[in-house]
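First comes the structure, then the notes that go with it.
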Amino acid sequence: MLPIYIERDPRECALLYVALGRLSTLAGLFKVEKETKLCEFFSKDFTLDSVKEIAIKNAYVLLGKQQYEMAAAVFLAAGQISDCISIVLKHLSDPQLALVIAFLAESNSTTTTAST
């Protein structure tokens with residue numbers, strides 16, 4: 001039987017956790033891996049306009065570095081759903097993932113609106 005190599009990099013699952021609205025869990029994963037800057041970043045309140053602006057700038061930097069999954073995750077955390085989906089379609093070539101993200105983002109916004 002072949003050994004299975006499991007990557008313990010939270011970047012690999014960041015887009016999923018952001019789509020599920022589990023930013024605090026994602027921040028915890030980065031904390032466990034001693035990625036303090038990313039832990040602090042995902043611990044911020046993304047409802048604030050200043051935090052959204054910083055996140056969008058960081059997402060564009062990640063795009064420039066061709067880190068497409070993290071860029072999509074940061075765009076999604078900043079509420080830029082269309083930018084996130086565009087990255088997933090154009091750079092990751094994954095229409096199914098884009099559909100799941102759209103569905104989760106819509107259900108998260110509906111839940112947030114209904115609970116307020």
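For the reader, a short list of remarks on this structure follows.
- No other residue among 28, 21, 64 is at pLDDT below 95 and open to solvent by less than 80 Å² (accessible area, probe 1.4 Å) apart from 21.
- Consider region 86-116 and keep the residues that are modelled with pLDDT of 95 or more and of a type in the set (Gly, Ala, Ser). The one that is surrounded by the fewest Cβ atoms within 10 Å (Cβ to Cβ) is 93.
- Residue check for residue 57: open to solvent by 90 Å² or more (accessible area, probe 1.4 Å) and more than 22 Å from residue 87 (Cα to Cα): no
- Where a residue in region 68-85 is at pLDDT 95 or above and its partner, wherever it lies, is among the polar types (S, T, N, Q), with Cβ under 8 Å and at least six apart: 74/58
The values are calculated or read from the model by the stated rules, or taken from the named source; none is laboratory data. In this text, all values refer to a predicted model and were calculated from it rather than measured experimentally. Reconstructed Cβ throughout: ideal geometry from the backbone, glycine too, with neighbour counts over all protein chains shown. Quick note on the areas: whole protein, heavy atoms, side chains included, nothing else; ligands and nucleic acids left out. Shrake-Rupley method; radii C 1.70, N 1.55, O 1.52, S 1.80 Å.
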